[in-house]
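Presented below is the structure to which this report refers.
The values are calculated or read from the model by the stated rules, or taken from the named source; none is laboratory data. Quantities reported herein were computed from a predicted structural model and do not represent experimental measurements. Positions of Cβ are generated from backbone atoms using ideal geometry, with glycine treated the same way; all protein chains shown enter the neighbour counts. Side chains are part of the model used for accessible areas, which takes the heavy atoms of the whole protein and leaves out ligands, DNA and RNA. Shrake-Rupley method; radii C 1.70, N 1.55, O 1.52, S 1.80 Å.
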Amino acid sequence: MRLKDKVALFGGAGSNMSRASALLFAQEGAKIVLAARTTETMEETAKRIRAKGGDVLAYQTDLTDAVQVDALIDAAVREFGGIDCFIHAAGGFFSTEHDITKMDPAYWEGALQNNLQTLFNPVRRIVPILQARGGGCLITISAGERVRQDANSAYAVAKAGMVAAAKNLAKELYEKNIRVHALSPGIIWDPLPDGEIAPVATQLERLGNPIDVAYAALWLCSDEAAWVTGLELTIDGGDSLFIDSPIRRGFLA
């Protein structure tokens, strides 16, 4: 129960890393707020949390819309009394197309909106709530350096911006006792298993799993990481070091 009585808001609640993290946080005693534009995967996550007796609010929200974000934050505070952790898991726009001369300007703008505006809108509302509760933790889920280099420039810019924002906010919010971090995963190939969230295989030579990211987020939001802020934590099995993994290479072949 490492998050007992804490309230965790997940922005961009999908079926991969954010689902694993929400399920794990609920296991560890947190009350969960899920926010996403599409409801199907979000409701499935909420159903799994409720089946285990957890407290969860699922709230359809477009995080690029400040008015909808205001309604989301108000609903979370009404339901659970406040917020202690925000995990920003919105994003998308990964592709390996690199030709900037053929990129639609709308694609570039969409990458920035979906990755950065979805961080800005909730954070500006959540900071006073965290401060009133004595502090808290903000986490944005970016992407590992190798992933950013393999992707298109719009995605790379947006994900690098998330890391820069986390480090800058860590300095800005220090006096408010608010910790801020960026998680930078590699490509997470392995599907999230059914059932209770538990650590996966301990060897490095394997596929990445959403649970790897969930446990990193859990530690950073827990009181165990109370003296850690401004961290970019890469979770990629060494891929950013250009490790040649036979399993991961074979999976891509």
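Things worth noting here:
- At R0 = 41 Å, FRET efficiency that the Cβ-Cβ distance of Ala132 and Thr202 yields, to 0.05: 0.50
- All-pairs Cα distance distribution in segment 165-253, expressed in whole percent, bin size 5 Å: 3, 13, 20, 20, 16, 13, 10, 5, 1, 0
- In Å², nearest 10: area of Phe94 left accessible to a 1.4 Å probe: 90 Å²
- The stretch between Arg2 and Asp70 holds 21.6 nm of extra length on full extension. This uses 0.36 nm per residue minus the Cα-Cα distance.
- Counting only heavy atoms of the protein chains and using a 1.4 Å probe, Asp55 has close to 80 Å² of accessible surface.
- Relative packing of 119-128, 12-21, which averages over residues the other C-beta atoms within 10 Å, highest first: 12-21, 119-128
- Distance (nanometres) between label positions extended 7 Å along Cα→Cβ at Phe251 and Glu79: 3.1 nm
- Ordered by solvent-accessible area of protein heavy atoms (1.4 Å probe), largest first, the residues Trp189, Trp219 come out as Trp219, Trp189.
- Mean accessible surface per residue for the chain, computed with a 1.4 Å probe while every protein chain stays in place, in Å²: 47 Å²
- Carbon/sulfur fraction of accessible area - segment 115-246, other protein chains in place, 1.4 Å, %: 55 percent
- Segment Met103..Glu44, full-extension length gain: 17.8 nm, with 0.36 nm per residue of separation and the alpha-carbon distance subtracted.
- Glu196 - accessible surface, heavy atoms, 1.4 Å probe, Å² rounded to 10: 130 Å²
- Net charge of the neighbourhood of Ser184, taken over other residues with C-beta under 9 Å away and scored Lys/Arg +1, Asp/Glu -1, is -1.
- List Lys167, Lys4, ordered by accessible area with a 1.4 Å probe, largest first: Lys4, Lys167
- For segment 78-206: rounded, prolate or oblate by the Cα gyration tensor [a/c cutoff 1.5]: oblate
- Sites Ser15 and Ser95 - FRET efficiency at Förster radius 22 Å, r taken between beta-carbons, to 0.05: 0.70
- Global geometry of segment 11-81, whether rounded, prolate or oblate, following the gyration tensor of its Cα atoms and the 1.5 cut on a/c: oblate
- The distance between label points at Asp194 and Phe242 comes to 4.3 nm (points 7 Å beyond Cα on the Cα→Cβ vector).
- For the chain, a Gaussian network of Cα nodes joined below 10 Å ranks Ile197, Ile100, Ile188 by mean-square fluctuation, and the top entry is Ile100.
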